[in-house]
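Written below as structure tokens is the structure these notes are about.
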Amino acid sequence: VNLGGSIATAGGLIFIGASNDRRFRAFDSKNGKELWVTKLEYSALSVPIAYRGKDGKQYVAVSASGGGAITDPNPSNTESMYVFTLP
């Protein structure tokens, strides 16, 4: 089940957090191989964003929340923003 969207970077990474398993993943756009995964407190039923900071580093951010009846039997109004730095 896909409950959000993905984003692709110019460097060929695809980030997806749109599943109901509370994971945020990076894939290689050329071969589909999962390169990185982390577990979030809530499912990221949103489209990630990528941006370059004033420090010159590239970041990927995604919001996640409890409260989706599809993913959480005890919904809450809790939201989190996760931000990751790309190497």
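Structure notes:
- Counted residues, the stretch 1-40 - those being surrounded by 15 or more Cβ atoms within 10 Å (Cβ to Cβ), part of a loop (DSSP other than H, G, I, E, B) and of a type in the set (A, V, I, L, M): 3
- Number of the exception - S46 against (1) outside any strand (DSSP E or B); (2) under 10 Å from the mean Cα position of the chain (by Cα); (3) at pLDDT 95 or above: (3)
- Condition check for Y51 on (1) out of contact with any Asp or Glu (no Cβ under 6 Å at 6 or more places or on another chain); (2) surrounded by 13 or more Cβ atoms within 10 Å (Cβ to Cβ); (3) among the aromatic types (F, W, Y): one failure, at (2).
- Residue check, G68 at pLDDT below 90, open to solvent by less than 30 Å² (accessible area, probe 1.4 Å) and assigned to a loop (DSSP other than H, G, I, E, B): yes
The values are calculated or read from the model by the stated rules, or taken from the named source; none is laboratory data. Keep in mind the model is a prediction, meaning the values are calculated, not measured. Cβ atoms come from the backbone with ideal geometry, glycine included; neighbour counts cover every protein chain shown. These accessible areas exclude ligands, DNA and RNA; they are computed on the full protein's heavy atoms, side chains included. Shrake-Rupley method; radii C 1.70, N 1.55, O 1.52, S 1.80 Å.
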